[in-house]
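Written out below as structure tokens is the structure these notes cover.
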Amino acid sequence: MGDAMHIRGAVLLLAIVLAAGCGGPARPSAGSGQPAQEGRGSPRPQVDQSRTLVIAARFEPTTLTQKALVRIAAASDNDARSIFNAGLAVFDDQGVSRPQLAEALPELNTDSWRVLPDGRMETTYRLRPNLTWQDGTALTAEDFAFAWRVYATPELGVAGSPPIAQMEEVRAPDARTVLIRWKQPFPDANILSAEDFQALPRHVLEDAYQRDHSEAFGNLPFWTIEYLGLGPYRIDRWEPGAFLEGAAFPGYALGSPKIQRIKMQFIADSNAVLASLLAGDVHFTVTNAIFLQQAVVLKREWSSRAGGEVLVIPTQWRRADMQHRPEYASPPAIRDVLVRRALSHAIDRDALNVAVFEGEGVVTDTPIPSSAGYYPTLDRSIAKYPHDERRTQQLMGEAGFSKGADGVFVGRAGDRFSLEAKENATADLATELSIIASALRGAGFDVRETLVPLSQANDGELRGTFPAMYVGGGGIGERGVLPNYIGSTIPSSENRWVGRNRGGWSNAEYDRLFDAFSTTLDRSERDRQVVRMAQILSEEVPAISLYFNPIAVAKSGAVDGPRPYTSDGLVTWNISEWQWR
């Protein structure tokens, strides 16, 4: 079934791309403002690039930095935050790492990437010349050394996250040289994006850090309304709950943006985003602002009149996280792996995919996509949970539950198995949760549905203390998912509820494998480690794997620049090159 879903997803993507006329960046599309008969060699008409590019986002960022000290709800706003940031490297639309602030990326077994005899490493990044912060102050390697001291401060909550935990020291031999010393081999040491490790403006933050590097430091206005970054746009105005505005940063490392102003509107309702796109009031949407249902309408409407493009790709691993910490788990039996496997068999994911995504998602038992070279081996190794209510009943029986007179599972003491299933409150996600809950009820579980208002979706404590099940989505593959299930990423009051292992699952073998994966430079050995980690995730079910849902990003025909992207890439990576048609 998974292969069929891949084929159907690919067919949809091809159809949408063809209908939207994205055959190549030099070809005028419908509504581009260029006459169809324009000669191939004709110059592009002069267009006023000072117009404001209006971007729709579902979530209002809780911070504008990419390596966050404050709580963020999900990686779904990463493409929005990337607009204001730059790292040593950046991942392009194909998921390939490119130099951004750095002149070049370190290469193994050269002076730029040395493995030392004692097992430690050194990587050297040379900054591009004449880089500045958005206030005009020179960017120097000391800003990276300062950032490392900040991120490595235990009280700020991210010291245990990769790659900070693997760094021994960051030094500045001179103004343009960033020397990173590693405690151990780290295979991604040459592709550090801003999300991994970014500079911080020492001239703005050092005094505050010296005075107090507790939680108060992470709550400074700098991280939001007074943010100062290195990206293509700088924050100009922020109206909480409504919008933020940005102006082009002429000193951006990859060139001054062509479009001079942006406005990001926070619109929680995807149908409202659709209406704004059709009215021409919104020109572009970041991840999760619209869903497949709106994408289908856009494709139909834009194909019959001046329109734009809809870019669709199956990405974001959707799953139902399960609670594993005894102080929060209710019912306590949710911590029993037999119960979690029983719940997995109770959900008809194929029917759910059809109902929510018209069958265009990719049902999966693992967060690793089939594009991985080692996927055939992985697919043979993992546990799978096809819809099977008889298997659900069998597993619940092994866990000590049987069905009562009303068809609901009860324990040996007669206690009903009642659980709360949570999800963020939007119309699309409410449908998903309703279908999941209905399937679980049909299999014999007493389920209460709770929709969490988007105003609370950024609350790390709320997201980490749910009693039983929280349905959500996020990254994909090795970088996007595997770090989220190590013990050091469990959110708690001690780390200010920062961390994506929200269910609190911990497995010693998985942690050892991840540590080895994070220090192994040989790709074939890393493949074996990933396969075993995926196998553990499938057997222990820290989260019920659902599917890779198709993400839609829309742009109006007035904008030239955004293009199809992979699940490992960012659609906004080259926003400085976008322009009005």
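The values are calculated or read from the model by the stated rules, or taken from the named source; none is laboratory data. Quantities reported herein were computed from a predicted structural model and do not represent experimental measurements. In this analysis, Cβ positions are derived from the backbone assuming ideal geometry, glycine residues included, and neighbour counts consider all displayed protein chains.
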With L451, L462 as the choices, which residue is assigned by TED's automatic domain parsing to the domain that holds S538, free of Cβ contacts under 8 Å to residues at least 12 places away in the same chain, outside any loop (DSSP other than H, G, I, E, B) and in contact with a helix residue (DSSP H, G or I) (Cβ under 8 Å, 6 or more places away or on another chain)? L462
Any residue that is crowded, with 20+ Cβ neighbours inside 10 Å, over 26 Å from A216 (Cα atoms), of a type in the set (V, I, T) and modelled with pLDDT under 95 - is there at least one of those in the stretch 493-500? no
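Residue by residue, here is whether (1) among the basic types (K, R); (2) in contact (Cβ under 8 Å) with a residue 40 or more places away in the chain; (3) part of a helix (DSSP H, G or I); (4) in the same structural domain as E103 (by TED's automatic domain parsing) holds:
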| position | (1), (2), (3), (4) |
| --- | --- |
| D236 | no, no, no, no |
| G241 | no, yes, no, no |
| Y252 | no, yes, no, no |
| G255 | no, yes, no, no |
| I262 | no, yes, no, no |
| A268 | no, yes, no, no |
| N271 | no, yes, yes, no |
What residue, of G442, G472, G373, G400, is assigned to a strand (DSSP E or B), among the small types (G, A, S) and touching a helix residue (DSSP H, G or I) at 6+ places or on another chain (Cβ under 9 Å)? G472
Residue check, L546 touching a residue at least 60 places away in the same chain (Cβ under 8 Å) and either crowded, with 22+ Cβ neighbours inside 10 Å or of a type outside the set (A, V, I, L, M, F, W, C) (or both): yes
Selection from the stretch 68-98 of residues that are crowded, with 19+ Cβ neighbours inside 10 Å, at pLDDT 90 or above and not polar (S, T, N, Q): R81, I83, F84, A86, G87, L88, A89, V90, F91
The lone exception for H387 - which of (1) within 26 Å of V362 (Cα to Cα); (2) touching a strand residue (DSSP E or B) at 6+ places or on another chain (Cβ under 6 Å); (3) surrounded by fewer than 19 Cβ atoms within 10 Å (Cβ to Cβ) it fails: (2)
I'd like to verify a number: residues in the stretch 154-200 that are of a type in the set (A, V, I, L, M), under 17 Å from G487 (Cα atoms) and more than 23 Å from the chain's Cα centre (by Cα), how many? 0
If we only count strands (runs of 3 or more DSSP E) wholly inside the stretch 115-196, which ones have 3 or more residues that are surrounded by fewer than 17 Cβ atoms within 10 Å (Cβ to Cβ) and either at positive phi or in contact with a helix residue (DSSP H, G or I) (Cβ under 8 Å, 6 or more places away or on another chain) (or both)? 167-174
Hey, does the stretch 405-420 have a residue that's of a type in the set (A, V, I, L, M), under 28 Å from G477 (Cβ atoms) and crowded, with 20+ Cβ neighbours inside 10 Å? no
